[in-house]
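One structure is given below, encoded as structure tokens.
Bear in mind these aren't lab numbers, they're just calculated from the coordinates by the rules spelled out. This structure is a prediction, so every number in the text was calculated from the model and none was measured. Here the Cβ is made from the backbone with ideal geometry for all residues, glycine too, and neighbour counts use every protein chain on show.
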Amino acid sequence: MKIGFIGMGNMGYAMLKGVLNVVKNTEVVFSDVSKERCVKVSEETGVLSVDSNAECANNAKYLILAVKPQYYPAVLKNIENVVRPDHVIISIAPGITIDYLKNILGIDKRIVRAMPNTPALIGCGMTGICYEEQEFDFNELEMIRNIFSSFGRYKRVEERLMSAVTCVSGSSPAYVYMFIEALADSAVKYGIPRDMAYEMAAQTVMGAAKMVLETKEHPARLKDNVCSPAGTTIAGVSALEEYGFRNAVIKASDECYQKAEGLK
């Protein structure tokens, strides 16, 4: 029962690294347009690469389409004559709907739509997934859960919310990296060495995130716990509000959402 990856870019590779925690490398196969990339990944992981997308589909039951949305028409043309009703097809591209895939590959095909993020590379991903449960048997559902839990957490959502998932977890690591960079810059400004500043900022973000996940407290309450009356933190929070920090994040999500919706 093999897992096949079509595409081995950053996201495909991140997912592959996780999947290898739950299946043997002999149970995975992949294809990619870059032969150099195929050689490199095969050498690193021991996973077999094949020469074509159609061959990848022929050699796998669980087929992960790990390519960007603009490449879907070409990839689907490659595999439309070889995908079978027993395939479980996993799509990770924003804007590509289940109906779109079924219209091309056949109404009888079983599709899982997902939006993972790049922290999957270190086992800390967050993925939104949607599918019609009645289309899969118990073992298939178990494998779907195993795949997505192999590189972090996942939540099942309605398909209409997938563009919102792109906002909150798919694209947002980039915003967090920008925040870490800016926070570190502010420390460097006052004399902390840059390497130390990056480590301190990144560890703080990780710790704050774990506080939200593990305490289950509302983020606002956790924020309030840091803000002593007339203290340093509330002065900083006040400045963030004055300069539109919260609004900037929401506007970024608005732009992200509209772009994701426009890809349909």
What's the center-to-center distance, using Cα atoms, between the range 185-264 and the range 13-88 in Å?
37 Å
Would you mind checking the tilt of helix 35-45 against the longest principal axis of the Cα atoms of the chain, expressed as 0 to 90 degrees and rounded to 10?
70 degrees
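Taking the Cα centre of the range 115-264 as the origin, how large is its charge dipole in debye, to the nearest 20, when only Lys and Arg (+1) and Asp and Glu (-1) carry charge on their Cβ atoms?
Details: 15 positive and 20 negative charges, 91 e Å.
Using only the charged Cβ atoms, the result is roughly 440 debye.
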So which trypsin sites (Lys or Arg not before Pro) in the range 1-44 pass both tests, a DSSP loop state and at most 14 other Cβ atoms within 10 Å of the Cβ?
Lys24
Furthest towards positive pole of dipole, Asn225, Ser186, Val212, structure part the range 173-262, Cβ charges:
Asn225
What GluC sites (Glu not before Pro) in the range 40-149 are in a loop by DSSP, with at most 13 other Cβ atoms within 10 Å of the Cβ?
Glu132
Can you list the lysines whose alpha carbon sits under 22 Å from that of Lys17, skipping same-chain ones fewer than 8 residues off?
Lys2, Lys35, Lys40, Lys61, Lys68, Lys155
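About the Cα centre of the chain, what is the dipole size in debye to 20, counting +1 per Lys and Arg Cβ and -1 per Asp and Glu Cβ, all else neutral?
Working: 29 positive and 31 negative charges, 14 e Å.
Dipole magnitude for the chain comes out near 60 debye.
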With Cα atoms, 0 to 90° folded angle of helix 138-149 axis to the chain main axis:
40 degrees
For the Cα atoms of the chain, what angle does the longest principal axis make with the long axis of helix 194-215, in degrees from 0 to 90, nearest 10?
80 degrees
Pick the calculated Rg/Rh (Cα atoms, Kirkwood Rh) for this structure from (1) 1.01; (2) 1.06; (3) 1.03?
(3)
